Amino acid sequence: MAAKTLLINGTMVSAREDETILEAARDAGVKIPTLCHLDGLSDVGACRLCLVEVGGRLRPACTTTVSEGMDIRTHTDALKAYRRQIIELLFAERGHVCAVCVASGHCELQDMAVALGMDHVRYEYLAPTCTVDISHERFGLDHNRCILCSRCVRACDEVEGVHTWDVAGRGTSARVITDMNQPWGESETCTACGKCLLACPTGALFKRGATVAEMEHSPARIAMIVESRRVRG
């Protein structure tokens, strides 16, 4: 497979022709923030945190394939400000109250806010009325914590192969749903495997009975499952 030569923050690097900018940057030791990317799953560019500058234009690093001679900037002042703005908007859009969240201390959104220096939100909170679905005998869904990264949708579809999850609605009305917007506990396709919980970056999907700061996710296990299947297959 042919190699491509490109610049990342002024340093010349080589990458496979099928690699994305995100993969090439990580191989070069450059960490680009993201919330919707998860190793082992396809990329959809949902969170936009991984935007980079390529020749002065913004490109999502997770879905943009490298090409010869690319000049990529990953951490300009403009990008840092833009990423912080995205995190603030995510907090303003739903009800992310970390002090009472089951995933507090184990939350990728919370960690990202700290890493990007977010100490307050400059935007008006939408404070939508979001439901909590605890109809499933083992798991629960709190729409207040959801950031619509679609990692649960892709894990269910691409790893478990049942596609219980999907996204319905548009804009601020968008919600993750099971089957045809049925309560999770009434889903006829859910296998109760828990892969959606492993993939979730926040406290949106949780084990019933978990209390504040008790819920830990294991997104890396998704990649391990995918890799083990590839080796066997």
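The values are calculated or read from the model by the stated rules, or taken from the named source; none is laboratory data. Computed from a predicted structure; not experimentally measured. Because the Cβ atoms are built from the backbone with ideal geometry, glycine has one as well, and the counts that use them run over all protein chains shown. The area values use the complete protein model at the heavy-atom level, side chains included, leaving out ligands, DNA and RNA. Shrake-Rupley method; radii C 1.70, N 1.55, O 1.52, S 1.80 Å.
Does the range 66-88 include one or more residues that are among the β-branched types (Val, Ile, Thr), open to solvent by less than 60 Å² (accessible area, probe 1.4 Å) and under 15 Å from the mean Cα position of the chain (by Cα)?
Looking only at the range 66-88, we keep the residues that are among the β-branched types (Val, Ile, Thr), and these are 66, 72, 74, 76, 86-87.
Now restrict to residues that are open to solvent by less than 60 Å² (accessible area, probe 1.4 Å): 66, 72, 74, 76, 86-87.
From what is left, the residues that are under 15 Å from the mean Cα position of the chain (by Cα) are 86-87.
Yes - at least one qualifying residue is present in the range 66-88.
Which members of the range 212-233 meet the condition of being surrounded by 14 or more Cβ atoms within 10 Å (Cβ to Cβ) and of a type in the set (Val, Ile, Thr)?
Val212, Ile222, Ile225, Val226
What are the residues in the range 89-119 that are open to solvent by less than 60 Å² (accessible area, probe 1.4 Å), out of contact with any strand residue (DSSP E or B) (no Cβ under 8 Å at 6 or more places or on another chain), assigned to a loop (DSSP other than H, G, I, E, B) and under 13 Å from Cys146 (Cα atoms), if any?
Those that are open to solvent by less than 60 Å² (accessible area, probe 1.4 Å), out of contact with any strand residue (DSSP E or B) (no Cβ under 8 Å at 6 or more places or on another chain), assigned to a loop (DSSP other than H, G, I, E, B) and under 13 Å from Cys146 (Cα atoms): Arg94, Gly95, His96, Cys101, Cys107.
Restricting attention to the range 181-193, and to residues there that are over 16 Å from Asp142 (Cβ atoms) and open to solvent by less than 30 Å² (accessible area, probe 1.4 Å), which single residue is nearest to the chain's Cα centre (by Cα)?
Within the range 181-193, the first condition is being over 16 Å from Asp142 (Cβ atoms), and the residues that meet it are 181-182, 186-193.
Of the ones still in play, those that are also open to solvent by less than 30 Å² (accessible area, probe 1.4 Å) are 187, 192.
Numbers: Ser187: 24, Ala192: 21 Å.
Out of the qualifying residues, it is Ala192.
Looking only at the range 46-64, count every residue that is modelled with pLDDT of 95 or more and either in the same structural domain as Ala174 (by TED's automatic domain parsing) or open to solvent by less than 70 Å² (accessible area, probe 1.4 Å) (or both) and tell me the total.
13
Is it true that Glu17 is acidic (Asp, Glu), over 14 Å from Pro201 (Cβ atoms) and in contact with a strand residue (DSSP E or B) (Cβ under 6 Å, 6 or more places away or on another chain)?
Values: acidic (Asp, Glu): yes; over 14 Å from Pro201 (Cβ atoms): yes; in contact with a strand residue (DSSP E or B) (Cβ under 6 Å, 6 or more places away or on another chain): yes.
It is true that Glu17 is acidic (Asp, Glu), over 14 Å from Pro201 (Cβ atoms) and in contact with a strand residue (DSSP E or B) (Cβ under 6 Å, 6 or more places away or on another chain).
Hey, any hits in the range 139-147 for a residue that's assigned to a loop (DSSP other than H, G, I, E, B), open to solvent by less than 60 Å² (accessible area, probe 1.4 Å) and assigned by TED's automatic domain parsing to the domain that holds Ala213? Spell out how you get there, then give the answer.
Of the range 139-147, the ones assigned to a loop (DSSP other than H, G, I, E, B) are 146-147.
Filter once more, so that each one left must be open to solvent by less than 60 Å² (accessible area, probe 1.4 Å): 146-147.
The next check asks that each one be assigned by TED's automatic domain parsing to the domain that holds Ala213; those that pass are 146-147.
Within the range 139-147, one or more residues are assigned to a loop (DSSP other than H, G, I, E, B), open to solvent by less than 60 Å² (accessible area, probe 1.4 Å) and assigned by TED's automatic domain parsing to the domain that holds Ala213.
Could you please find all residues in the range 19-40 being farther than 17 Å from Ile147 by Cα, assigned to a loop (DSSP other than H, G, I, E, B) and open to solvent by less than 20 Å² (accessible area, probe 1.4 Å)? So that I can check it myself, show each step before the final result.
Here is the first cut: in the range 19-40, the ones farther than 17 Å from Ile147 by Cα are 19-32, 39-40.
Those left that are additionally assigned to a loop (DSSP other than H, G, I, E, B): 19, 28-32, 39-40.
If the condition is that a residue be farther than 17 Å from Ile147 by Cα, assigned to a loop (DSSP other than H, G, I, E, B) and open to solvent by less than 20 Å² (accessible area, probe 1.4 Å), then Glu19, Ile32 are the ones that fit.
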